[in-house]
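Only the coordinates and a few stated rules stand behind these numbers; no lab work does. The structure displayed is predicted, hence computed values, not measured ones. Glycine gets a Cβ as well: all are built from the backbone with ideal geometry, and neighbour counts include every protein chain shown.
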Amino acid sequence: MGGRSRNGPTAVERRSERELVVTRTFNGPVRLVFDAWTKPELFKLWWAPKSSCIPLLSCEMDVRTGGSYRIAFGDDASASMAFFGKYLEVSPPWRLVWTNDESNDAAVTTVTFEEEEDGRTLLVLQELFSSKTALDDAFVGMEDAMPEQFEQLDALLIALGASV
């Protein structure tokens, strides 16, 4: 439905007026990819796009159904931008669902992890927004940021796999 972008191995697609889907196959097993999404010490290593030059200040994650998260970016705490919400579903190592509570228009995010035969992981990230306008506003930034973030995650997974 208008708006499909392929940036290397990462596909970013608008599936409806309110739904954005990002897919990529990662060079690592499901367990390791899931850990990179749920362990703050790993998440901090890949989430912030390096090209943005905005450092990740803090990452707090209570990854359990009903738990919460808070991720802050910026040069210092007084001028930081935070993303936060609650985990609606945590089913290790196959599925995560969380809210994005930093704005009234924020999406509910679902990430699924599927083991492939060659030890790689197919990841599907779905964002369901409250309105078409909310998705329109988010799409421009996500279309560039998500492929870069996923490149960083894949590099981390390769490095972790080599050190195991």
The chain - Debye-derived log10 I(q)/I(0), Cα point model, q = 0.11, 0.12, 0.14 Å⁻¹: -0.43, -0.52, -0.73
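Report, in debye and to the nearest 20, how large the dipole of the chain comes out about its Cα centre when Lys and Arg carry +1 and Asp and Glu carry -1 on their Cβ.
On the way: 16 positive and 26 negative charges, 38 e Å.
My answer is approximately 180 debye.
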query: Looking at segment 57-164, which GluC sites (Glu not before Pro) are DSSP coil and have at most 14 other C-beta atoms within 10 Å of their C-beta?
result: Glu102, Glu116, Glu117
field: Ala82 paired with Glu60, simple spin-label distance in nm, labels 7 Å along Cα-to-beta-carbon
entry: 0.7 nm
task: Please identify, among Ser52, Ser68, Ser91, the residue showing maximal mean-square fluctuation in a Gaussian network model of the chain using a 10 angstrom Cα cutoff.
output: Ser52
message: Taking amide H atoms as placed 1.01 Å from N in the peptide plane, list the residues 5 or more away in sequence, or in a different chain, whose amide H sits under 5 Å from that of Asn100.
response: Ala107, Thr109
message: Given contacts defined as C-alpha pairs under 8 Å and at least six residues apart, what's the relative contact order of the chain, whole-number percent?
response: 26 percent
message: Using 0.36 nm times the number of residues separating Ser51 and Trp94, minus their current alpha carbon distance, what extension gain do you get?
response: 12.5 nm
task: Putting +1 on Lys and Arg Cβ atoms and -1 on Asp and Glu Cβ atoms, find which of Phe84, Cys59, Leu123 reaches farthest to the positive end of the dipole of the chain.
output: Leu123
message: To make sure I understand the rule: partners must be aspartates and glutamates, Cα under 20 Å from the Cα of Lys132, and not fewer than 8 residues away in the same chain. Which ones qualify?
response: Glu13, Glu17, Glu19, Asp101, Glu102, Asp105, Glu143, Asp144
task: Straight distance only, please: which lysines reach the Cα of Lys39 with their own Cα at less than 25 Å, same-chain residues fewer than 8 apart left out?
output: Lys50, Lys86
